[in-house]
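Undergrad: Before we start, here is the structure in question, set down as structure tokens.
The values are calculated or read from the model by the stated rules, or taken from the named source; none is laboratory data. Keep in mind the model is a prediction, meaning the values are calculated, not measured. Counting neighbours? That spans all protein chains shown, and the Cβs are built from the backbone with ideal geometry, glycine included. For the accessible areas, the whole protein counts, side chains as well, though only heavy atoms, and no ligand, DNA or RNA atoms are used. Shrake-Rupley method; radii C 1.70, N 1.55, O 1.52, S 1.80 Å.
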Amino acid sequence: MKKLLFLLLLVLGTLNFALAAKSKTFKIIVQPKEASIYLNNQFVGYGFAEFNRPKKRTEIVAVRIECEGYKPIETKIYANDLRSSVSYTLQEDGFYRTTAASGLVNKFMTIHLDPSLYIIDEQNNIDTSKAWKLLHQILLNYFEEIATTDFYGGYLQTPWHYKTFQLSDKQMRTRVTVRDISTISTVAFQIKVSSEVAGAMAARHGEFTNVDRIVKELEPLLQELQTRLGKMHNL
């Protein structure tokens, strides 16, 4: 009984010593150094943060760490945590590694057709069949098929091209929509490359949102549409 009491006192003494020795502050160190650190939704620094340890045992500090190109981290620091510091290394997000930023997606761009791709006859009828043929050739290098094509209505649309990424929970989809807006004064196509992204769970419900990025394997498509069909003019 005496030994049991002695061990209990020893444990309590050690615990009290540890609690007394706890630093009054807590440090968070993150790699990469440009990562943003948020405590209870308040921004506190890049790559490093130091804050006063919670005094109440029930108090919790919510930690969120974010950096473009990396998966975010969300965790919690409790008042009874005996550590004085903690370090985190963010994991790269495959979505950012295999996509590129673009200011041309999700808006119509006007391509003034090269004169060699259309004919205007004596009755001012416009024939853009050569341009449509070339457009199909370009798109079929990137998409397996054309979902909708209406030459006489001047409308074309590809199906969605879906892309998943390693080391990422994101899914991306891309499609191209074309409208023939030709007039006697201006023979042109309006082309829109739609680019949308969703998290893994949201994608199952079709909850995609616009994103100003494009899959790198489709990035040359933007240049081809501009240079092979004619000259681009933003709306």
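Here is a yes/no grid of residues against (1) on the phi < 0 side of the Ramachandran plot; (2) part of a loop (DSSP other than H, G, I, E, B); (3) open to solvent by less than 60 Å² (accessible area, probe 1.4 Å):
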{"site": "Asn124", "(1), (2), (3)": "no, yes, no"}
{"site": "Trp132", "(1), (2), (3)": "yes, no, yes"}
{"site": "Thr177", "(1), (2), (3)": "yes, no, yes"}
{"site": "Thr186", "(1), (2), (3)": "yes, yes, yes"}
{"site": "Gln190", "(1), (2), (3)": "yes, no, yes"}
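Undergrad: If I ask for residues that are hydrophobic (A, V, I, L, M, F, W, C) and in contact with an Asp or Glu (Cβ under 7 Å, 6 or more places away or on another chain), which ones from region 108-151 would you list?
TA: Ile119, Ile138
Undergrad: Right, something else. If we keep just the residues of region 8-43 that are part of a loop (DSSP other than H, G, I, E, B) and polar (S, T, N, Q), which is modelled with the lowest pLDDT?
TA: Ranking the candidates gives Ser23 first.
Undergrad: Scan region 134-175 for residues that are among the charged types (D, E, K, R), in a loop (DSSP other than H, G, I, E, B) and surrounded by 13 or more Cβ atoms within 10 Å (Cβ to Cβ) and jot them down.
TA: Scanning region 134-175 gives a single hit, Asp169.
Undergrad: Same structure, new question: Out of Leu117, Leu113, I need the residue that is under 30 Å from Lys216 (Cα atoms) and either open to solvent by 80 Å² or more (accessible area, probe 1.4 Å) or under 35 Å from the mean Cα position of the chain (by Cα) (or both). Which one?
TA: Selected residue: Leu113, the only one of Leu117, Leu113 that is under 30 Å from Lys216 (Cα atoms) and either open to solvent by 80 Å² or more (accessible area, probe 1.4 Å) or under 35 Å from the mean Cα position of the chain (by Cα) (or both).
Undergrad: Hey, another quick one. Considering Arg83, Arg64, Arg57, Arg97, which residue is open to solvent by less than 90 Å² (accessible area, probe 1.4 Å) and among the charged types (D, E, K, R)?
TA: When all the criteria are applied, what remains is Arg64.
Undergrad: A further question follows. Looking at (1) open to solvent by less than 40 Å² (accessible area, probe 1.4 Å); (2) modelled with pLDDT under 90; (3) farther than 25 Å from Asp169 by Cβ, which is the only condition Ala49 fails?
TA: (2)
Undergrad: Going residue by residue through region 218-227, is there one that turns out to be of a type outside the set (S, T, N, Q), assigned to a strand (DSSP E or B), modelled with pLDDT under 95 and in contact with a Leu (Cβ under 7 Å, 6 or more places away or on another chain)?
TA: No, region 218-227 contains no residue that is of a type outside the set (S, T, N, Q), assigned to a strand (DSSP E or B), modelled with pLDDT under 95 and in contact with a Leu (Cβ under 7 Å, 6 or more places away or on another chain).
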